[in-house]
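Here is the structure we will look at, set down as structure tokens.
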Amino acid sequence: MKLKVGLTSAIALGCAGITYVVLKHRTKLRNSADVLNYLTIKIITTEEECEEIIADLRSRSAEHHAIGFDCEWVTVQGKRSPVALLQLSTLDGHCWLFRLSQMKAVPQGLKEILEDENIYKVGVAPADDAKYLAYDYGVKLRGTLDVRHIAILCNYEAGGLAALSKSMLGVILDKSWRIRCSDWEAEELTERQIKYAAADAHVAVKIFVKLITDYHLKKTSFWWRTRNNTSQWSNLNDLCWKYTDICYKTKSVKKDKYYEYKKKDIKGKDIVITKKYQPATRSKPLYHNCFLQAPDGELLCTCDNKKALWYVEKELADIVIQDPLTVRLRFEPAGRSVGEVGRYYQLKKENKCVVCGANDSYIRKNVVPREYRKYFPEVMKDHSSHDVLLLCVACHQRSNAADRAVRERLAHVCSAPLATRECSGYTEDADSKKIRSAARALLYQSRKHALPEARRQHLENILLQHYPQFDEVTEELLQDAVNIQVLYENTDYEPHGQKVVCYYLENEGLLKLEELWREHFLDSMCPKYMPELWSVKHNEERMRVRLSEGRLSEQDTKLIGL
């Protein structure tokens, strides 16, 4: 009897303890309105008000090199209006709400902060907001950092801002659709709108600071932390640079109607798989720095080993020096190296990233994207490698992400819509795709005995509806269905790149389009190791040399806008 009473008491105490722990955990979760009541919120509606607070904003963000960042806009009938509200916040509780809809332009001081790559603009999907600011106001925002990149490093689940706020800070954000979809262009914002906007930006910077702190706690010893408590902020770039201006992408593994494809962790929650960026890097140097000479020995340009030996094998040149490999042409070339344009091609090029200097792996970067350049006249493309540069994997990804804003701006200015699923060079026939998918499943999955009978019957019915001449599904039918045409050329579609090139041909000239992309690359990437004599106006200077030598027609001159 005593044992029974003692056991009952122990169970009761255990339950009480569990209840206490659960209740204690629950009390940690508090609404943002209660937790963030210390915020100092300033609403800025004029350029003068903006300029007054810029120095204060810079000063308060100096310690952590970061500001919470978010934007709000109005959507009417599915169409996004320009960004109406820009929110910035520092860790000490100061929040600034910039009502861009009332200013109509981004003041210069604010623009300089947004374009300062030394101040991280942290949040969830900040690169998307950056794209909208570029499109709406021409701001080339740099230094965006999606906190989910760091959350993954610290073994947190990379959910949205509300999920991260709840799990990491114990703060429940107001995410009612009524407030999210409210009128951000209203003459006066409501108190709830103000608190909502400030909370989003402030929570973002709090999460960022906590993540950086947690990351360094994992990586360093207690002895080192007590003596270097500020080093994590002075060396912030060592951790964050590779995620700067990079979109965070997730891919969920979906559950099929008939199969359990969905992977689960030990708690039964769906695993979110982060998509990795794995482009093919060069295994060999791009630049061999072999030399090509004119018949009289004048240096024409550097070239790769393969090209130099091609001239020799075709008996068009002779090897004059083995190391470095130097070949001399037996014929007079169409042109010689003239001025700085010619000297650019004579100089040795380094096999390293032109942005950060990394030399372990690199990818070719077309500064002027090929989707435009392929429509250029031959005179602008012939024997010109000026716009092909080397970038490491991380910088290549950052550069491609930055290019999106320019493409969208060109799409708007040139009335050249970007390709979408609904509007592209090819149209996809939904019925044919369904038939092909059914045939593939029957043909390949059935060999593995992986198809349940109900699923098999469902797929066979799809095929027999399309092939009424068959009474049953045969191997012949499956082979025909697997090879059914799904994509059809859209003859009415005009590619985005072609329309942009046509616009510049008719208006400013193609040289302006080239220069636009080169300036964008310099502004967005701030490369530190560019080849000597690389120039925004390189092709213009090259064309002028050709014109002076009589190698440029009047028609070509008009096309390129010289």
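What follows draws every value from the coordinates through simple rules; no lab data is involved. Note that this is a predicted model, so its numbers are computed, not measured. Glycine gets a Cβ as well: all are built from the backbone with ideal geometry, and neighbour counts include every protein chain shown.
Grab the beta carbon distance between Arg330 and Tyr488, set R0 = 51 Å, and tell me the FRET efficiency rounded to 0.05. Between Arg330 and Tyr488 the formula returns 0.50. Stokes-Einstein diffusion of region 181-222 at 25 °C, 0.890 mPa s viscosity, Kirkwood radius from Cα pairs, rounded to a whole number: 193 µm²/s. Here the spin labels are modelled as points 7 Å beyond Cα on the Cα-Cβ line, and at Leu547 and Lys499 they lie 3.1 nm apart. Checked against a 26 Å cut-off, the cross-linked pairs Lys306/Lys558; Lys42/Lys175; Lys242/Lys352 give Cα-Cα distances beyond that limit for Lys306/Lys558.
Computed over the Cα atoms of region 427-489, pair by distinct pair, the Kirkwood hydrodynamic radius stands at 11.9 angstrom.
Residue-wise HN-Hα couplings along region 139-153, as the Karplus relation 6.51 cos²θ - 1.76 cosθ + 1.60 with θ = phi - 60° gives them from phi, are 8, 8, 5, 10, x, 6, 9, 7, 5, 5, 4, 6, 4, 4, 4 Hz; Gly and Pro carry x. Semi-axes of the equivalent ellipsoid of region 74-136 are 21, 14, 13 Å, computed as sqrt(5λ) over the eigenvalues of the C-alpha gyration tensor in descending order. Summarising the overall dimensions of region 30-243 from its C-alpha atoms, the Rg and Dmax are 16.9, 58 angstrom. Taking amide H positions as modeled 1.01 Å from N, with prolines and chain starts lacking one, the residues under 5 Å from Ile43 and 5 or more places away or on another chain are Leu97.
Averaging over all projection directions, the Cα-based convex hull of region 48-94 occupies 4.2 nm² in the image plane. Between Asn366 and Ala411, the simple spin-label model (points 7 angstrom out along Cα→Cβ) gives 1.8 nm. Taking 7 Å steps out from each Cα toward its Cβ at Arg178 and Glu428 produces label points 3.9 nm apart. Scanning residues 5 or more positions from Ala66 or on other chains, those with amide H under 5 Å from its amide H are Tyr120, with H placed 1.01 Å from N in the peptide plane.
Here's how it looks for Gly143: its modeled amide H is under 5 Å from those of Asp245, which are all 5 or more places away or on a different chain.
Under the criterion of Cα pairs below 8 Å and six or more residues apart, the relative contact order for region 318-414 equals 23 percent.
Shape of region 441-562 from its Cα gyration tensor (a ≥ b ≥ c, root eigenvalues): rounded if a/c is under 1.5, otherwise prolate when a/b > b/c, or oblate? In terms of gyration-tensor shape, prolate. The gain in end-to-end length when the Lys79 to Asp128 segment is fully stretched comes to 16.1 nm, 0.36 nm per residue minus the alpha carbon separation.
The Glu315 and Glu476 beta-carbon pair, evaluated with R₀ = 60 Å, returns a calculated FRET efficiency of approximately 0.60. Relative to the Cα centre, the charge distribution of region 349-439, modelled as +1 at Lys and Arg Cβ and -1 at Asp and Glu Cβ, gives a dipole magnitude of about 160 debye. The distance linking region 95-135 with region 504-543 is 26 Å (Cα centroid to Cα centroid, whole angstrom).
3J(HN,Hα) along region 199-216: 4, 4, 5, 6, 4, 4, 6, 5, 4, 4, 4, 5, 5, 4, 5, 4, 4, 6 Hz, from the Karplus curve 6.51 cos²θ - 1.76 cosθ + 1.60 with θ = phi - 60°, whole Hz, x for Gly and Pro.
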